[in-house]
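The values are calculated or read from the model by the stated rules, or taken from the named source; none is laboratory data. This is a predicted model, so every value here is computed, not measured. Here the Cβ positions follow ideal geometry from the backbone for every residue, glycine too, while neighbour counts run over all protein chains shown.
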Amino acid sequence: MKIFSIDSPLMRVLGKISDLMILNFLVLLMCIPVVTAGAAFTAMHYCALKLVRGHESSIPKQFFHSFKDNFRQATVIWLIFLGIVAIFVVDFLYLGAGRNDLGGFVLGGILAFFGMILFVGTMVYPLLARFVNTVRNTIKTAFVYSFRHFLRTLLMLAANLFPLSLFVIFNGYFGIMLFPLILCFGFTAPAYICAKLYDKPFQKAEEAFYAEHPELTTPPEERVFSDH
């Protein structure tokens, strides 16, 4: 039957589901040391964008290729964000202890800044996965992109937080029932949705870059060099 042929829509969908599940387990595995989480998230987005664009091949091979290629920069960015989160935690504890008369005003500023950090953090690993740049310029570009494409970034952030929100809200029996699904797709289903959202802006950036540098060509599986 054609429905069960390897090129049928059903088999392609099932193939993507299995790829996302394998990818999710790889991300979970490489996040266990904590310090390697940034490289794992970068490799996840590298694979997710390839799935969206139809450039599928071996998920483990793709994942570890990107993990190794981006390890240094991704880890630096990850540690920077961990440091910022640690500062926020200290600030919240300080304000919670009632040691600051301007607690409400300062808290509002902290929350606004934290929201900005979440936006930048949502965009930075997809950019690192696709574009070759310095750490500084990658973070700078993530800031610009996250607010230039505000609605897309907001939807990406919502997609990333959705599995965690489900688990927190339904923390009883239903939450336990959801846990296997989150374990299999908690990282990669949101990443696939995010790749659908940032694919179009990324394609425009790639086209603009190659319009400026017609002498350069890059295979679809490789990252794009960018100096801005």
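Among the residues of region 46-64, at least one is in contact with a Pro (Cβ under 6 Å, 6 or more places away or on another chain) and surrounded by fewer than 19 Cβ atoms within 10 Å (Cβ to Cβ).
The set of residues in region 41-84 that are over 14 Å from Met30 (Cα atoms) and small (Gly, Ala, Ser) comprises Ala48, Gly54, Ser57, Ser58, Gly83.
Going by what's in this entry, would Ala97 be described as under 24 Å from Thr141 (Cα atoms) and either crowded, with 21+ Cβ neighbours inside 10 Å or at pLDDT below 85 (or both)?
No, not satisfied.
Selection of first residues in region 39-64 that are basic (Lys, Arg) and of second residues that are at pLDDT below 95 and surrounded by fewer than 21 Cβ atoms within 10 Å (Cβ to Cβ), restricted to Cβ pairs under 7 Å at least 6 apart or on distinct chains, gives the following pairs, ordered by first then second residue: Lys50/Glu56; Lys50/Glu221; Arg53/Pro220. The residue that is surrounded by the fewest Cβ atoms within 10 Å (Cβ to Cβ), among those in region 146-158 that are assigned to a helix (DSSP H, G or I) and in contact with a Phe, Trp or Tyr (Cβ under 9 Å, 6 or more places away or on another chain), is Phe150.
Of all residues in region 140-151, those that are touching a residue at least 60 places away in the same chain (Cβ under 8 Å) and among the polar types (S, T, N, Q) have Cβ atoms under 8 Å from Cβ atoms of residues that are part of a helix (DSSP H, G or I) and surrounded by 12 or more Cβ atoms within 10 Å (Cβ to Cβ), 6 or more apart or on another chain, in Thr141/Leu127.
The combined condition, being free of Cβ contacts under 8 Å to residues at least 60 places away in the same chain and among the basic types (Lys, Arg), is not fulfilled by Arg130.
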